[in-house]
Amino acid sequence: MAEQIIFEQGGTKVTSARVVIGPQTYALGGITSVQAREIPPSRKGPIILMIVGFPFFFIGTIIGIIWLIRQKTTYAVLLVSAAGEQEALTSKDKALIAQIVNAINEAIIARG
């Protein structure tokens, strides 16, 4: 059976035989499952800035609040194999991660 492309965008490609993410290639046969992971941003920096900046005319507090609001969740493609789990790709784009996870799941199902 010829290798079929299931998903291709930017440096990411999912085929019926392999997953290519940037310079890294993963054999589909070695992947047992795939999932999306949500990685919340660290809130320590903005909170420390708000606490330390409070006495200085609220400037640090305002900057800390802006920093806190602008932080975004990171999403990751997590590949699971016999060797363990590997975070293959991270992005702020939740829809892109979902597309890649769905494509890998399709490839695993098609493989049988």
### Message
Let me check the size of the chain from its C-alpha atoms; what are the radius of gyration and Dmax in Å?
### Response
19.6, 69
### Task
Once you have the Kirkwood Rh of segment 45-99 from its Cα pairs, apply Stokes-Einstein at 25 °C and 0.890 mPa s and quote D in µm²/s.
180
### Message
On a straight-distance basis, which lysines could pair with residue 94 in a cross-link, Cα separation under 19 angstrom, same-chain partners fewer than 8 positions away excluded?
### Response
13, 72
### Task
Specify which residue in the list 24, 50, 5 is farthest towards the positive end of the charge dipole of the chain, using unit charges on the beta carbon of Lys, Arg (+1) and Asp, Glu (-1), about the Cα centre.
50
### Task
For n ≥ 4 DSSP H runs only, could you compute -39500 (n - 2.57) per run for the chain, divide by its residues and tell me the 222 nm figure to the nearest 500?
-11500 deg cm²/dmol
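A short reminder: the numbers here are calculations on the coordinates, not readings from a lab. From a predicted model like this one, the values you see are computed outputs, not experimental measurements. No Cβ is skipped: glycine too gets one built from the backbone with ideal geometry, and neighbour counts run over all protein chains shown.
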